[in-house]
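Enquirer: Can you keep this structure in mind? I'll have questions shortly.
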Amino acid sequence: MKKSDSWAMSEFLGVNLGDRRLNNRFMKLVDDFSKHPEFSINQACDDWCAAKAAYRFFQNHKFSEQDLLAPHFKNTAQRCKKQKCVLVIQDTSVIGYSHHPKTTGLGRIGGCPDPAGVVHGFYIHPAFAVTVDGLPLGLLSNEMWSRDNSKPKSDKRKDHLIHTEDKESFKWINALEKTYEILEGKVNTITICDRECDIFDFYLSALDINTNVIVRCREDRQIGTRSEPELLSERFAKTQCYKETVKIKVPIEQLGNKNNKKATKYREATLEIKSVPITLTPSRKATQVVKEKINIFAVEAKEVNPPTGLEPAHWILLTTLPVESFEESMMVVKFYSMRWKIESYFKVLKSGCTVEKCRLSECDRLTKY
């Protein structure tokens, strides 16, 4: 084994694409790309013959991108099993190919229902495992899909008529269940998600499989009863802050500007902390079987004296972890601050590996790439 082959051999040994020649070609491609991740296919391959073999590999319909990643998922799981606790960060990103309008099989992106399909690409939703100190361990799942251009843009007024399993938002629950499955329930995991994941069924699924989650609250929640209604913000307003504060790094965002590039520059923020137990009630939508209420905890982290002109850090985090002290609240806030690790992962894919510059002509080939 050559030294340059060591990483590819250790990480993807055991790949099974149904043909020994395909397995060998895959290992060679992994080795070539790992040495020069920013190169195009032609540049990364040794010569034109190797490049043609690479193009044929991506055209092959006998395997999927999940078959290619299977050995990596298993190796990530093994690395996770050596840790006392693992943070599993979920998020969605767009891989855009609007500059290649003739590429087939892609769908609209960014919520744009352009009938010509000019603004197109596909979505990726990984479950990215890191240690509690932020050291990357790898992917535990990685879902990819294209939206159907023929379907009209969804009507939010009718969302309550669609089963959770039939919604795009099921990606959060699907990745949670896949993470639990590949780790065989043997690892103490805490799944970290942003506001898009703030849905009742996600918390319920986490409790059903006895795993923990931390999710940023999307909007003010109703946590009272019909006879005694109460908003989460009202509960926090009546709750005393802990005497201690916590300092963490947060992305720099200009006041009133939500379009800043994330995970590029950070600043240190001092946050005051509150925590309260809350009860979530399932929505009364037509497609949902009546379910019991669930008891979880909420943590509010609010910046003290933010710099002039910068957006103050203010998080409300919902978690299945027990939170009854400042130390437990601080742990929840620090774990959530690790969520930006996945933004760095997306940046590596797009800026470091330049995946959006690939000119393969079909979506199936691009997902494998």
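Enquirer: Restricting attention to the stretch 187-195, does a residue exist that is within 22 Å of His314 (Cα to Cα), part of a helix (DSSP H, G or I) and under 17 Å from the mean Cα position of the chain (by Cα)? Walk me through how you get there before you give the answer.
Expert: Kept after step one, since they are within 22 Å of His314 (Cα to Cα), are these residues of the stretch 187-195: 190-195.
Restricting the remaining residues to those that are part of a helix (DSSP H, G or I) gives 195.
Now drop any that are not under 17 Å from the mean Cα position of the chain (by Cα), which leaves 195.
Yes, the stretch 187-195 contains a residue that is within 22 Å of His314 (Cα to Cα), part of a helix (DSSP H, G or I) and under 17 Å from the mean Cα position of the chain (by Cα).
Enquirer: Report yes if Glu292 is surrounded by fewer than 19 Cβ atoms within 10 Å (Cβ to Cβ), under 29 Å from Thr281 (Cβ atoms) and modelled with pLDDT under 95, otherwise no. Before you say what the answer is, go through the steps one by one.
Expert: Values: surrounded by fewer than 19 Cβ atoms within 10 Å (Cβ to Cβ): yes; under 29 Å from Thr281 (Cβ atoms): yes; modelled with pLDDT under 95: yes.
Yes.
Enquirer: From the list Ala54, Ala44, Ala77, which residue is modelled with pLDDT of 95 or more and either under 30 Å from Asn188 (Cβ atoms) or touching a Phe, Trp or Tyr at 6+ places or on another chain (Cβ under 7 Å) (or both)? Let's see the steps before the verdict.
Expert: On the way: Ala54 fails: either under 30 Å from Asn188 (Cβ atoms) or touching a Phe, Trp or Tyr at 6+ places or on another chain (Cβ under 7 Å) (or both); Ala44 fails: modelled with pLDDT of 95 or more.
Of Ala54, Ala44, Ala77, the one residue that is modelled with pLDDT of 95 or more and either under 30 Å from Asn188 (Cβ atoms) or touching a Phe, Trp or Tyr at 6+ places or on another chain (Cβ under 7 Å) (or both) is Ala77.
Enquirer: OK, next. List, please: which pairs have Cβ atoms under 7 Å, are six or more places apart or on different chains, and start with a residue in the stretch 28-53 that is over 19 Å from Lys357 (Cα atoms) and end with one that is crowded, with 18+ Cβ neighbours inside 10 Å?
Expert: Cβ pairs passing all conditions: Asp31/Ala8; Ala53/Arg25.
Enquirer: Where residues in the stretch 235-285 are β-branched (Val, Ile, Thr) and in a loop (DSSP other than H, G, I, E, B), which of them is modelled with the lowest pLDDT? Break it down into steps so the answer makes sense when it comes.
Expert: Let us first name the residues in the stretch 235-285 that are β-branched (Val, Ile, Thr), namely 239, 245-246, 248, 250, 252, 264, 270, 273, 276, 278-279, 281.
Adding the requirement that they be in a loop (DSSP other than H, G, I, E, B) leaves 239, 252, 264, 281.
Details: Thr239: 95, Ile252: 82, Thr264: 59, Thr281: 86.
My answer is Thr264.
Enquirer: Identify, please: which residue in the stretch 72-90 is among the polar types (S, T, N, Q) and assigned to a helix (DSSP H, G or I) and is, among those, nearest to the chain's Cα centre (by Cα)? Spell out how you get there, then give the answer.
Expert: Just the residues of the stretch 72-90 that are among the polar types (S, T, N, Q), to begin with: 75-76, 78, 83, 90.
Subsequent filtering for residues that are assigned to a helix (DSSP H, G or I) retains 75-76, 78.
On the way: Asn75: 19, Thr76: 16, Gln78: 20 Å.
Only one residue fits best here, namely Thr76.
Enquirer: With the structure loaded, tell me whether Arg157 is over 14 Å from the mean Cα position of the chain (by Cα), modelled with pLDDT of 90 or more and surrounded by fewer than 18 Cβ atoms within 10 Å (Cβ to Cβ) or whether it fails that test. It would help to see each step written out before you state the result.
Expert: Numbers: over 14 Å from the mean Cα position of the chain (by Cα): yes; modelled with pLDDT of 90 or more: no; surrounded by fewer than 18 Cβ atoms within 10 Å (Cβ to Cβ): yes.
Criteria not met by Arg157.
Enquirer: Limited to the stretch 71-90, what total is found for residues that are open to solvent by 30 Å² or more (accessible area, probe 1.4 Å) and either of a type in the set (Val, Ile, Thr) or touching a Leu at 6+ places or on another chain (Cβ under 6 Å) (or both)?
Expert: Total satisfying the criteria: 1.
Enquirer: Which pairs turn up if I take residues in the stretch 171-187 that are within 16 Å of Val130 (Cα to Cα) and look for partners that are open to solvent by 80 Å² or more (accessible area, probe 1.4 Å) and among the basic types (Lys, Arg) with beta carbon separation below 8 Å, at least 6 apart in sequence or on another chain?
Expert: If the second residue must be open to solvent by 80 Å² or more (accessible area, probe 1.4 Å) and among the basic types (Lys, Arg), the pairs left are Ile182/Lys74.
Enquirer: Here is a further query. Can Asn305 be described as surrounded by fewer than 17 Cβ atoms within 10 Å (Cβ to Cβ) and part of a strand (DSSP E or B)? Can you show your working first?
Expert: Values: surrounded by fewer than 17 Cβ atoms within 10 Å (Cβ to Cβ): yes; part of a strand (DSSP E or B): no.
Taking the combined requirement at face value, the residue does not satisfy it.
Enquirer: Follow-up question, since we're still on this one. Checking Gly96 against (1) at pLDDT 95 or above; (2) of a type outside the set (S, T, N, Q); (3) touching a strand residue (DSSP E or B) at 6+ places or on another chain (Cβ under 8 Å), which single condition isn't satisfied?
Expert: The single condition Gly96 does not satisfy is (1).
The values are calculated or read from the model by the stated rules, or taken from the named source; none is laboratory data. Since we're looking at a predicted model, the values are computed, not measured. Positions of Cβ are backbone-derived with ideal geometry, glycine not excepted, and every protein chain shown enters the neighbour counts. What goes into the accessible areas is simple: the full protein's heavy atoms, side chains included, and nothing from ligands, DNA or RNA. Shrake-Rupley method; radii C 1.70, N 1.55, O 1.52, S 1.80 Å.
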